[in-house]
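The values are calculated or read from the model by the stated rules, or taken from the named source; none is laboratory data. The structure presented is a predicted model; accordingly, all values stated were derived computationally and were not measured. Neighbour counts are summed over all protein chains in view; Cβ atoms, including those assigned to glycine, are modelled from backbone coordinates with ideal geometry. The protein model used for the area step is the full one, side chains on, heavy atoms only, and it has no ligands, DNA or RNA in it. Shrake-Rupley method; radii C 1.70, N 1.55, O 1.52, S 1.80 Å.
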Amino acid sequence: MSPRSITKGLHFLLLLFCSVSSPAQSSGRLHTISRFSSTYVDARRIDVWLPAGYDSLSSKRYDVLYMHDGQNLFSRETAFGGEEWGVDEAVTRLTAGGKMRDCIVVGIWNTPKRFMEYAPAKPYHLLPAAKKTALKQERLADTVLSDNYVLFLTRELKPFMDQTFKTKPGRKNTFIMGSSMGGLISLYATLERPDVFGGAGCLSTHWPMSLKENDTEFVQAFIRYFEQKYPGKEKPRLYFDYGTTTLDAWYEPHQKAMDEFLTRKKYGKKRWVSRKFEGAAHNEKAWRERLDIPLLFLLGK
């Protein structure tokens with residue numbers, strides 16, 4: 001038996017023994033894989049939200065949105081601080097109104113290694129040695145695991161999704177989104193694999209990566225990395241935003257540096273957008289309140 005056949009068999013057993021169909025959401029249905037194993041990163045829970053009307057026997061296929069911090073997306077019971085994004089409600093409302101393409105949402109739960117998995121590796125390695133050491137000590141982190149996390153997304157999770165559910169597998173139908181460190185890894189995954197992801201939603205992107213407001217070293221390193229990875233003709237769609245209170249109050253100068261880079265590169269205003277939300281804080285409630293905007297930018301009709 002070939003390695004690929006073995007992998008497919010393992011994925012089938014994973015779906016059979018480690019997944020359950022959760023009770024109906026306020027809209028659609030949540031399919032939970034309690035422990036999705038990986039050769040690249042630690043096992044974790046995956047929540048797959050299927051829109052109302054999804055039928056495994058139908059020929060209809062769906063775009064797919066991959067989202068980080070999956071425990072915060074669909075349920076107050078699992079969300080940090082009891083505040084969820086309300087992704088299922090937002091997608092249902094926008095698709096019912098004819099504004100957004102039908103899609104499946106894949107909620108990828110984080111692990112205790114969240115910082116290490118979400119911290120973009122190649123920009124990190126462009127930092128001076130002393131800065132890297134300081135970040136590791138500050139974050140109590142051992143090593144940066146984001147390249148492995150991207151391999152998990154692209155070599156394991158996405159193939160599993162495409163084999164198991166009625167997806168449209170092409171890059172123009174595949175998107176990724178997250179907030180804070182989740183914004184960083186969404187952008188990084190898209191630049192690493194623009195052949196897989198057609199766009200990234202980066203909300204309240206934690207550009208400092210450190211716990212210091214005026215630490216601009218990382219955003220400058222990311223811009224140098226972006227210059228090296230600058231995409232060719234097929235530029236992914238990029239959405240950025242930030243608020244002005246709590247942790248989001250740090251972000252404006254960092255985001256402006258990225259905006260200036262994209263402007264200088266003539267990335268194209270139809271391909272990227274950067275939004276400021278006065279009074280918005282760094283929490284799930286704030287992201288829920290403006291979620292329609294990145295959803296429509298990435299998946300609007």
Mind pulling up the Rg/Rh value for the range 101-162? Radius of gyration and Kirkwood radius, both on Cα. 1.10
Might you work out the accessible area of SER180 for me, using a 1.4 Å probe with all protein chains in place, and round it to the nearest 10 Å²? 10
Contour excess over end-to-end distance, with Cα ends at ASP142 and LYS270 and 0.36 nm allotted per residue: 42.2 nm
Expressed as a percent, the accessible surface of the range 59-190 that is carbon or sulfur, using a 1.4 Å probe and the full set of protein chains, is 52
Checking LEU247, LEU140, LEU191 against a Gaussian network model of the chain (alpha-carbon springs below 10 Å), the top fluctuating residue turns out to be LEU140
When the Karplus curve 6.51 cos²θ - 1.76 cosθ + 1.60 is applied with θ = phi - 60°, which whole-Hz ³J(HN,Hα) does each residue of the range 72-88 get, with x for Gly and Pro? 9, 8, 10, 9, 5, 5, 9, 6, 4, x, x, 10, 9, 6, x, 5, 4
Provide the solvent-accessible area of SER59, counting protein heavy atoms only and rolling a 1.4 Å probe, rounded to the nearest 10 Å². 110
Ranking by accessible area, most exposed first, for GLU227, GLU84 with a 1.4 Å probe: GLU227, GLU84
Run lengths n ≥ 4 of DSSP H only: what is the helix-derived mean residue ellipticity at 222 nm for the chain, with -39500 (n - 2.57) per run over all residues, to the nearest 500? -10500 deg cm²/dmol
With all protein chains modelled, accessible area of ARG139 [1.4 Å, Å²]: 70
Once R0 is set to 25 Å, what does the formula 1/(1 + (r/R0)^6) return for the Cβ-Cβ distance between THR246 and ALA134, expressed as a FRET efficiency to the nearest 0.05? 0.60
First check a/c for the range 83-128, with a ≥ b ≥ c the square roots of the eigenvalues of its C-alpha gyration tensor; if it is under 1.5, answer rounded, and if not, answer prolate when a/b is larger than b/c or oblate otherwise. prolate
Apply the Karplus curve 6.51 cos²θ - 1.76 cosθ + 1.60, θ = phi - 60°, to the phi angles in the range 281-296 and return the couplings in whole Hz, x for Gly and Pro. 9, 9, 7, 4, 4, 5, 5, 4, 5, 10, 4, 3, 5, x, 4, 6
Given q = 0.20, 0.22 Å⁻¹, what are the Debye log10 I(q)/I(0) values for the range 194-301, with equal point scatterers placed on the Cα positions and solvent ignored? -1.13, -1.31
Under 10 Å, Cβ to Cβ, from SER75 - net charge with Lys/Arg +1 and Asp/Glu -1: -3
What is the distance, in nm, between label points placed 7 Å from the Cα along the Cα-to-Cβ direction at SER27 and at GLN228? 4.3
Suppose accessible area is computed on protein heavy atoms with a 1.4 Å probe; arrange LEU157, LEU296 from highest to lowest. LEU296, LEU157
Identify all lysines with a Cα-Cα distance to LYS166 below 20 Å; exclude those on the same chain that are fewer than 8 residues away in sequence. LYS8, LYS60, LYS158, LYS301
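Put TRP287, TRP109 in order of accessible area, largest first, 1.4 Å probe: what do you get?
So, going from the largest accessible area down, we get TRP109, TRP287.
If one computes P(r) from the Cα atoms of the chain, what percent of pairs lie at distances over 38 Å?
9
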For GLU278, project a label point 7 Å along Cα to C-beta. Then give me every residue of the range 247-262 with its amide nitrogen under 17 Å of that point. 249, 252
